[in-house]
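Since every read-out is calculated from the coordinates, none of them should be taken as a lab result. The structure presented is a predicted model; accordingly, all values stated were derived computationally and were not measured. Methodologically, a virtual Cβ is constructed for each residue, glycine included, from the backbone with ideal geometry; neighbour enumeration extends over all protein chains shown.
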Amino acid sequence: MLNFLKKNIYIIIIFLLTAFVFGKFIFSLNFPDAGYLLSTDKDFVLKVAPKNSVSQKFSSARDGLTKIDFLLRNFETSSGDQVLMKLADENCSKILAEGNIEKSFLSAGSLYEFSFPRINNSANETFCLIATFEPKKKTKAVEFFLKNDSQDGFLINNSSAQQSLSMRPVYTNTYWWQNLRELDQRLSQYKPWFLKQYYLAAIAILFVALSIATIVILIII
Amino acid sequence: MKKIRFYWDFCKKPSFILLLILIAFFLKGVFLAAAFPIFDGQDEARHYNTIQFFSEPKEKTWKINIATPQQMQARDSNNLETYNFSEEIKKTATAADNSALRTEIYNTIDFSNSYDGKNEAQINSKIWQPINQDYPPDITAKSYDKLYHILGTFIENTFARDSILVRFYLIRIFSVLLSALTVLCAYLIMREIGFQPKASLIMTAIIAFQPKFSFFTTNISYAPLLILLFTTFTLGGILYLKNGLDWRNAALMITSAVLGMFTKATAIVLVAMLIFMVAFMIYQKFSRRSKRAKYWSGPLFILASILVLVFFHQYLPLNNSKGISGIIVSLYEYLAKTLTIGRLGLSARTYWGTLSWVNSWTLDNIINLIWLIEAFAIAGLAIFLFSKKKFDFLPEKKYIIFLISMIIALQLGIRLADWPHFAKTGSLALGTPGRYFLPNLASHIILVFTGLGALFAYFKKEKYFEIALKAGLVLMFAFCTYMIFDVVIYRFYL
């Protein structure tokens, strides 16, 4: 066994690293609603004091709601401060999911996400997002970026101010191969016919397969 | 069984493996060309507009609108509509929702639910003119440095009846093809300087998977051609050092330098190198005839330096009102601002790829790992150059000195181009981004592994050289695929 490991250490490492890269890739296949354009305007922020909450209704365009992206100003989860998120039904009464926010993988300082298990039948449903600020230190408030209009007619705290949270829903499909197909669709848009759909998928698969084959040959010979 | 053995023997042939590397590199490049949205490369809209400008009929029979200086100043860098590009570029950028990508890193274009973009049919209907109506047009090749763009016009004109998407992406694929030639030349350099086929192939594959090289050379830009010409020049220099001067390597060096000058001004560095090579050639000729020739090496080097200075003086801020002291102060201020850990770190980060797009511990620390490896390599190179030990599996010293000279020349060239800008404006707006150093990628990789090899040999651990090569290959492949699938795709499509 030890001899086998020693002899094939590079092959094992290459397959482990490839599994890591593509495992991460497959798990990251969530699709933000591209119709929402997020923006950070320092003059449009809502300050939420400790233990206070803000609610925002929104409608889900499709099935598979799994995450909400939103923008916070000057917020650091590393300080111990937390924003407790709850996803509820239209009346903001029945809680469907809850949890804390996390910094987004994208290195945009203000982008945070609230992830929860996939909601299968979310298409055309209205949801209520409730955020409560739970500081650990003496932070005075958490600041949510706002936008001056509403994507789907819902306003923050049901108020009359023409503002809504700068946020967007994120979806995922039932199966991983459906996610790959949706990614292929996105990659194919605004591309010529030879870089679309099956051609593009074939190019990607061939490039990865040939690269790994070449490396394995180079290691073995 | 015999048949399997036959196929395996065939698979082990260096020419077959080299072909595999080149095909894998090309396919990777084509995939990346598709992965980066239209006009999203470095100054890509401007480079493509230059190609369209050169493809236009010489006689401008259409209405020209001349922009006022105020209009030129009022341009919004996030909106290609406000630039003096062809109608086709401006309208296509708007239709393809390009401006959404220019707002914040987390915004993507507004995708449709199909394989065609929401406005793709409109783009493919070719209702917009590929001609510049707003003058002066925003183009890059304003002087003689237009070779890449002239080559691009062949594709633009050949496929003039097709959609802009076909023409644009074919020119990107042309860039990938040029870069595949660079990878081929890198392999030839390694073989010529004496590396074994296996070591040469592994280092070639490492170059082929360098992330920034992989990404940057899929863009419409003169960079892929410039990088190729730097590599062919290096190959010419190596052949000269190996075989002496003959018409082939002289033609390769001169052609590379001349074509380089017609591609981007950076290639002026090759002219400087050519002057030093001629000086070296003269020295070599004399040294064969007389033992006292070594006394001529100093004056010859000084003469070559003066010639280079005469050639370059027009680009340098030497007309300082305070005389020589003013020049020294200006140079000191420039060096003090640029030779800092922060600035060097920035160049290093942008040399290896788009490392700042995501919050990743791996990417945050990869430069530290690379610097550590490079530090060992530098120590090894010092041992290699100054010890009397023979390193059978490594190239001769003359090749390594030449490759180091190429790196010094490009470093000096880039900084001497940056210094006048700093002297004039007081800012480092031009800067020294890592992509400027890619023309010497082959030399960098060779030097790193030569240094590591020398270090291992010095401690009588030659067998670790192959281990280092294999580890380098595996890590570079993982680094590159991580950048493609977990960073680039994440940024633009998720």
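A few points about this structure:
- Angle between chain B longest axis and helix B:164-192 axis [Cα atoms, degrees, rounded to 10]: 0 degrees
- Between region B:163-199 and region A:62-88, the C-alpha centres lie 45 angstrom from each other.
- Note on region B:317-457: Rg/Rh from C-alpha atoms, Kirkwood Rh, equals 1.05.
- Under 15 Å from a label point set 7 Å out along the Cα-to-Cβ vector of residue B:143, the amide N atoms of region B:419-438 belong to B:419-421.
- Modelled spin labels at residue A:11 and residue B:367, positioned 7 Å past Cα toward Cβ, are 3.8 nm from each other.
- By other beta-carbon atoms within 10 Å, ranking A:10, B:187 with the fewest at the front produces A:10, B:187.
- Subtracting the Cα-Cα distance of residue A:93 and residue A:20 from their residue separation scaled by 0.36 nm leaves 22.3 nm.
- Kirkwood Rh in Å, taken over region A:1-102 so that all alpha-carbon pairs contribute: 18.2 Å
- From the largest down, region B:166-251 spans 45, 29, 16 angstrom on the principal axes of its Cα atoms.
- In a DSSP loop and with at most 12 other Cβ atoms within 10 Å, the trypsin sites (Lys or Arg not before Pro) in region A:65-99 are A:94.
- Region B:240-299 versus region A:13-29: alpha-carbon centroid distance in Å: 48 Å
- A straight Cα-to-Cα reach below 23 Å connects residue A:136 with the lysines A:47, A:51, A:86, A:103, residues fewer than 8 places away in its own chain not being considered.
- Cα pair distances of the protein assembly as shown binned at 10 Å [whole percent]: 3, 12, 21, 23, 20, 13, 6, 2, 0, 0
- Dimensions of chain B based on its C-alpha atoms, expressed as ranges along the principal axes with the largest first, amount to 77, 72, 46 Å.
- For chain B, the longest principal axis of the C-alpha atoms and the axis of helix B:397-425 are separated by about 40°.
- Normalised by the number of residues in chain B, the mean separation of alpha-carbon contacts (under 8 Å, six or more apart) gives a relative contact order of 18 percent.
- Magnitude of the charge dipole for the protein assembly as shown, about its Cα centre and with charges confined to Cβ atoms of Lys, Arg (+1) and Asp, Glu (-1), is about 3360 debye.
- With all pairs of different C-alpha atoms in the average, the Kirkwood value for the hydrodynamic radius of region A:32-171 is 15.0 Å.
- Relative intensity of region B:230-367 on a log10 scale, I(q)/I(0) at q = 0.09, 0.15, 0.16, 0.22 Å⁻¹, equals -0.47, -1.01, -1.05, -1.21, per a Debye sum over C-alpha point scatterers of equal strength in the absence of solvent.
- Cross-link partners of residue B:212 among lysines (Cα-Cα below 16 Å; sequence separation of 8 or more within a chain): B:28
- Largest to smallest principal axis extent of the C-alpha atoms in region B:374-492, angstrom: 52, 39, 18
- Residues of type lysines that residue B:461 reaches as a straight line, Cα spacing below 19 Å, ignoring anything fewer than 8 places off in the same chain: A:6, A:7, B:198, B:388, B:389, B:390, B:470
- Rounded to 10°, Cα long-axis angle of helix B:14-35 versus longest principal axis of chain B: 30 degrees
- Chain A: DSSP helices with Cα axial extent of at least 24 Å and average Kyte-Doolittle hydropathy no lower than 0.0: A:9-27, A:197-220
- Overall shape of region B:101-209 was characterised from the C-alpha gyration tensor. The equivalent ellipsoid obtained from it has semi-axes of 37, 22, 15 Å, in decreasing order.
- The separation of region B:419-494 from region A:93-152, counted between C-alpha centres, amounts to 39 Å.
- Neighbour-limited loop hits for trypsin sites (Lys or Arg not before Pro), region A:1-59 (at most 16 other Cβ within 10 Å; DSSP other than H, G, I, E, B): A:42, A:51
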